[in-house]
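Structure first, then comments.
The values are calculated or read from the model by the stated rules, or taken from the named source; none is laboratory data. Just so you know, these numbers come straight off a predicted model, no measurement behind them. All Cβ positions, glycine included, derive from the backbone under ideal geometry; neighbour counts span all protein chains shown. Side chains are part of the model used for accessible areas, which takes the heavy atoms of the whole protein and leaves out ligands, DNA and RNA. Shrake-Rupley method; radii C 1.70, N 1.55, O 1.52, S 1.80 Å.
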Amino acid sequence: AACAGTTAGVSTVGDWGQYSGSGLDSTYSSDENVFKGTKFFVYFFPEAHGVYTVYEYHPALGTYATNAALNITHSSGTSQFDIDQTADGSAWNPLGSFCFTSGATITIGNEGTTATVVADGIRLVRTSPASERVLDCGHFAVSQDNARKFL
């Protein structure tokens with residue numbers, strides 16, 4: 001799927017269920033707690049050049065995975081995170097700042113998890129060179145502050 005207003009997009013490996021009722025814009029994707037190690041949700045941002053702070057968003061529910069695998073591919077390699085999706089739900093969670101010279105790829109996977117992994121949103125906010133550029137990806141919506149959001 002493409003994210004409106006940008007060349008960013010989303011692709012999946014494996015069958016991810018689509019759910020409503022929580023998450024950004026009341027929708028999110030779930031690995032449905034099956035076929036562990038075979039499902040990946042990939043966000044790609046070809047136009048990401050510069051230093052960006054990367055944020056992850058997932059719905060709030062205490063039964064999600066405590067170790068959802070998230071990888072950020074950037075100019076220095078790949079940074080790996082285990083995201084505790086039982087905590088800090090329904091908020092943009094900062095993962096750090098990274099330099100991108102040929103685009104950004106962020107992957108969420110279910111390898112090594114024993115609970116449900118969800119994928120809802122990724123946000124990149126450019127910090128250098130300084131600008132108001134925000135790259136979000138997921139389902140498209142426009143926020144009240146007119147920042148582009150792809151939920």
All-pairs alpha carbon distance profile, the stretch 13-52, 10 Å steps from 0, percent: 24, 36, 30, 9
Computed E for TYR19/SER90 - FRET, C-beta separation, R0 22 angstrom, nearest 0.05: 0.95
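Report the calculated FRET efficiency for THR101 and THR38 (r = Cβ-Cβ distance, R0 = 41 Å), to the nearest 0.05.
Efficiency for this residue pair is about 0.85.
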Where SER76, SER26 fall by accessible area, highest first, once all protein chains stay in place (1.4 Å): SER76, SER26
Potential lengthening between SER79 and THR114 on full extension [0.36 nm per residue; Cα-Cα distance subtracted]: 10.4 nm
Cβ-based net charge around ASN110, under 10 Å, with every Lys or Arg adding one and every Asp or Glu removing one: -1
For the stretch 83-124, the fraction of alpha-carbon pairs in successive 5 Å shells from zero, as %: 5, 14, 29, 22, 17, 9, 3, 0
Volume in Å³ per residue [convex hull over Cα atoms, computed for the stretch 1-70]: 124
Whole-Hz ³J(HN,Hα) from phi, Karplus 6.51 cos²θ - 1.76 cosθ + 1.60, for the stretch 9-18, glycine and proline x: x, 9, 9, 10, 10, x, 9, 9, x, 10
Calculated FRET efficiency for the pair THR127/LEU61, C-beta based, R₀ 25 Å, to 0.05: 0.20
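Kirkwood hydrodynamic radius for the stretch 5-127: how many Å is it when counted over pairs of different Cα atoms? Could the numbers behind the result be given before it?
Values: mean 1/r = 0.0693 Å⁻¹.
Kirkwood radius, the stretch 5-127: 14.4 Å.
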